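> After the structure tokens below, expect a handful of questions from me.
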Amino acid sequence: MMNEFFPDIPKIPFEGPESRNPLAFKFYQSDKKVGDKTMEQHLRFSLAYWHTMTGTGSDPFGVGANLRPWLSISDPMEQARARMRACFEILEKLQVPFFCFHDRDIAPEGETLRQTNKNLDQIVEQTRELIASSGKKLLWGTACLFNHPRYVHGAATSCNAEVFAYAAAQVKKAIEVTHYLGGQNYVFWGGREGYDTLLNTDMGLELDNLARFLHMAVDYARQIGFKGQFLIEPKPKEPTVHQYDSDVEACLNFLRKYDLMDHFKINIEQNHAILAGHTYQHEIYTARINGVLGSLDANEGAYLLGWDTDQMATNIYEAVFVLYEVLKAGGLEPGGLNFDAKLRRPSFEPDDIFIGHVAAMDTYARALEVAHKLLSAGEIEEFIAERYKSFGEGIGKQIVDGSVGFTELETYAMEHDQISNRSGRREMLEAIINRYI
């Protein structure tokens, strides 16, 4: 299996920062210790099946351009089997320990739901055998509730109760499959769980139904003994005008309102963060301080474009802040860093799969080292602690303790109305970051 599809690609070696070989790691060493964990344990890299294995290189303006060995196989099920074997060859050669998939990524739909499930079962059995023989693992599974025309109005938020029922059946099966394959998480991405116009939308009912759907999923997971982590993935728009899970704060509000906080954490993607008008760090930071940081989709979006470009992550500066937050949270496990990224359309040759992943893995490996040194040195944390020290003593401590109200604060302000502030030193702090990079 190791050389069935990519005979000219070796297992990717580590050659160090001086190497000019695009098929060699410059920074990533799976067994290198950073603090008390290895790079592999910190980063928990995962391959995204939909982009890497089923992506064709198409875009809104052009058909697929990717050259892939399995695309020449005409029978859909035989192509699906070949694609899965190719996936594990890529995982082995890249030293990536995990993969993720939607149910419809790995097996084609049939004419009926029963036939679709039968197709899925066949590929799942093959996948289980490959997992057993390779030691690779499923980071998370999910259901594709957005591609088929039946989901034109949404899935759990559809105006059609029959669609809701079909989506429930599909998610039931996807949770079973994830559990059977030893998946460590299950993700809900509400691709069409939103609206195009409020003129035809009962938002209250749709949100209530979405909550009902998620509670049903929690209940069923308990029934079958699935103990993996449930995740919600925020995205503000595209394909709908407004999606209900628009950012981390919106997800938190939803989870709190519908009594789901004990059952869900958040899977955050960079490209979705910037579509919501935030930085990746902002979304991770927000999830961290609210105790819901679950997993990350590692990609990049173009800040000048208002759509999902899903580029391979190569921005070292941004990656440092991502891993700084992850380290402060104590890590991602059982989540991970999933490369929800597709090669640019002109990067269509088979070896570009490996070149793109090597570049992204090196980016996060180098960023991990920088973030660890930065956090260990404590320069940023010390500055922040000093900046807010007035809330650790005197009137500030009383505010934090809740022992004063407006009346007491007015009395204090009358006696201390000559106020002086200190510089926030943003430029100095940015220079500190640059020094570590």
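The values are calculated or read from the model by the stated rules, or taken from the named source; none is laboratory data. What you see is a predicted model, and the numbers here were worked out from it, not measured in a lab. Glycine also receives a Cβ, built like all others from the backbone with ideal geometry; neighbour counts cover every protein chain displayed. Surface areas here come from the heavy atoms of the whole protein model, side chains and all, with no ligands, DNA or RNA. Shrake-Rupley method; radii C 1.70, N 1.55, O 1.52, S 1.80 Å.
> Given that compact globular proteins tend to follow 2.2 N^0.38 Å, what is the ratio of the alpha-carbon Rg of segment 295-374 to that value?
Working: Rg = 13.3 Å, N = 80, 2.2 N^0.38 = 11.6 Å.
Compared with the compact-globule rule of thumb, segment 295-374 sits at 1.14.
> Quick query: amide H of Glu269 versus all other amide H atoms, modeled in the peptide plane; which residues come in under 5 Å with a sequence gap of 5 or more or a different chain?
Amide H neighbours of Glu269, under 5 Å, 5+ apart: Asp297.
> If you restrict to DSSP beta bridges whose two residues both lie in segment 53-203, what percentage is antiparallel, to the nearest 5?
Values: 1 of 8 bridges.
If we restrict to bridges inside segment 53-203, about 10 percent are antiparallel.
> For every helix of n ≥ 4 consecutive DSSP H residues, a contribution of -39,500 (n - 2.57) applies; sum these over the chain, divide by its total residues, and give [θ] at 222 nm rounded to the nearest 500 deg cm²/dmol.
About -14500 deg cm²/dmol.
> Where does the chain land on Rg(C-alpha)/(2.2 N^0.38 Å)?
Numbers: Rg = 23.7 Å, N = 437, 2.2 N^0.38 = 22.2 Å.
Output field value: 1.07.
> Could you work out the mean projected area of the convex hull around the alpha carbons of segment 55-186, in square nanometres to one decimal? Let's see the in-between values first.
Values: hull surface 35.9 nm².
For the Cα atoms of segment 55-186, the hull's average projected area reads 9.0 nm².
> Taking a threshold of 30 Å on the Cα-Cα distance, which of the pairs Lys32/Lys328; Lys136/Lys172; Lys235/Lys373; Lys33/Lys172 fall above it? Each step should come with its number before you reach the end.
Working: Lys32/Lys328 20 Å; Lys136/Lys172 24 Å; Lys235/Lys373 32 Å; Lys33/Lys172 40 Å.
The pairs that break the limit, which is 30 Å between Cα atoms, are Lys235/Lys373; Lys33/Lys172.
> Can you work out the accessible area per residue across the chain, with the rest of the protein chains kept in place, probe 1.4 Å, in square angstrom? Before the final figure, lay out each step's value.
Values: 20830 Å² over 437 residues.
I get 48 Å² per residue for this part.
> Measure of size requested: the Rg and Dmax of segment 64-107, with Cα atoms as the atom set and Å as the unit; please supply both.
Rg and Dmax of segment 64-107, Cα atoms, are 11.2, 30 Å.
> On to the next question. Computed on alpha carbon atoms, what radius of gyration and Dmax characterise segment 309-435, expressed in Å?
In Å, with Rg to one decimal and Dmax whole: 22.3, 72.
> Moving on. Using a 1.4 Å probe over the heavy atoms of the protein chains, calculate the carbon and sulfur portion of the accessible area of segment 343-437 as a whole percent. Please report the intermediate quantities before stating the final value.
Values: 3300 of 6290 Å².
Ligands and nucleic acids excluded, carbon and sulfur reach 52 percent.
> Build a GNM of the chain with springs between Cα atoms under 10 Å: which of Ile175, Ile353, Ile380 gets the top mean-square fluctuation?
Ranking Ile175, Ile353, Ile380 by mean-square fluctuation puts Ile380 first.
> If you average 1/r across every pair of different Cα atoms in segment 376-437 and take the reciprocal, what Kirkwood value do you get, in Å? Walk me through the numbers on the way to the answer.
Details: mean 1/r = 0.0711 Å⁻¹.
Answer for segment 376-437: a Kirkwood hydrodynamic radius of 14.1 Å.
> Please give every one of the lysines within straight-line cross-link reach of Lys237, meaning a C-alpha to C-alpha distance under 20 Å, and leave out same-chain neighbours fewer than 8 residues apart.
Cross-link targets: Lys342.
> Hey, what did the chain get for relative contact order, percent, Cα under 8 Å, at least 6 apart?
Numbers: 695 pairs, mean separation 70.3, N = 437.
Reported relative contact order: 16 percent.
> While we're on this one: How many percent of Cα pairs in segment 185-326 exceed 25 Å?
Details: 2849 of 10011 pairs.
Cα-Cα pairs of segment 185-326 separated by over 25 Å account for 28 percent.
> Calculate, for Ser403 and Ala24, the FRET efficiency according to 1/(1 + (r/R0)^6) with r their C-beta to C-beta distance and R0 41 Å; round to the nearest 0.05.
Result of the calculation: an efficiency of 0.10.
> For segment 185-243, what value does the Rg/Rh ratio take when both radii are computed over Cα atoms and Rh is the Kirkwood radius, given to two decimals?
Rounded to two decimals, Rg/Rh equals 1.05.
> Okay, moving on. Given 0.36 nm per residue, what is the gain on full extension from Ala385 to Cys159 after removing their alpha carbon distance, in nm?
Working: separation 226, 0.36 × 226 = 81.36 nm, distance 5.05 nm.
Net length gain for the segment: 76.3 nm.
> For Ser133 and Trp307, FRET efficiency with R0 = 51 Å and r from the beta-carbon atoms, rounded to 0.05? If you can, show how the numbers build up before the last one.
Numbers: r = 40 Å, r/R0 = 0.78.
Given R0 = 51 Å and the Cβ-Cβ separation, E is 0.80.
> A further question follows. So in the chain, what percent of DSSP beta bridges are antiparallel if you round to the nearest 5? Walk me through the numbers on the way to the answer.
Numbers: 6 of 34 bridges.
Approximately 20 percent, going by the DSSP bridge assignments.
> Counting pairs of Cα atoms in segment 220-289, how many percent are more than 15 Å apart? It would help to have the intermediate numbers written out before the result.
Working: 1309 of 2415 pairs.
More than 15 Å apart: 54 percent of the Cα pairs in segment 220-289.
> Also, quick follow-up: Helix 316-329 against the longest principal axis of the chain: what's the angle in degrees, Cα atoms only, rounded to the nearest 10?
So the helix axis and the longest Cα principal axis differ by about 70 degrees.
> Report, please, the projected area of segment 138-231 averaged over directions, based on the convex hull of its C-alpha atoms, in nm². Walk me through the intermediate numbers first.
Details: hull surface 22.9 nm².
Mean projected area for segment 138-231: 5.7 nm², to one decimal.
> Let me ask you something else. Could you tell me which of rounded, prolate or oblate describes segment 1-111, using a ≥ b ≥ c as the square roots of the eigenvalues of the alpha-carbon gyration tensor, with rounded for a/c under 1.5 and, failing that, prolate when a/b is larger than b/c and oblate otherwise? Write out the running numbers ahead of the final one.
Working: a/c = 2.12, a/b = 1.80, b/c = 1.18.
Cα axes put segment 1-111 in the prolate bin.
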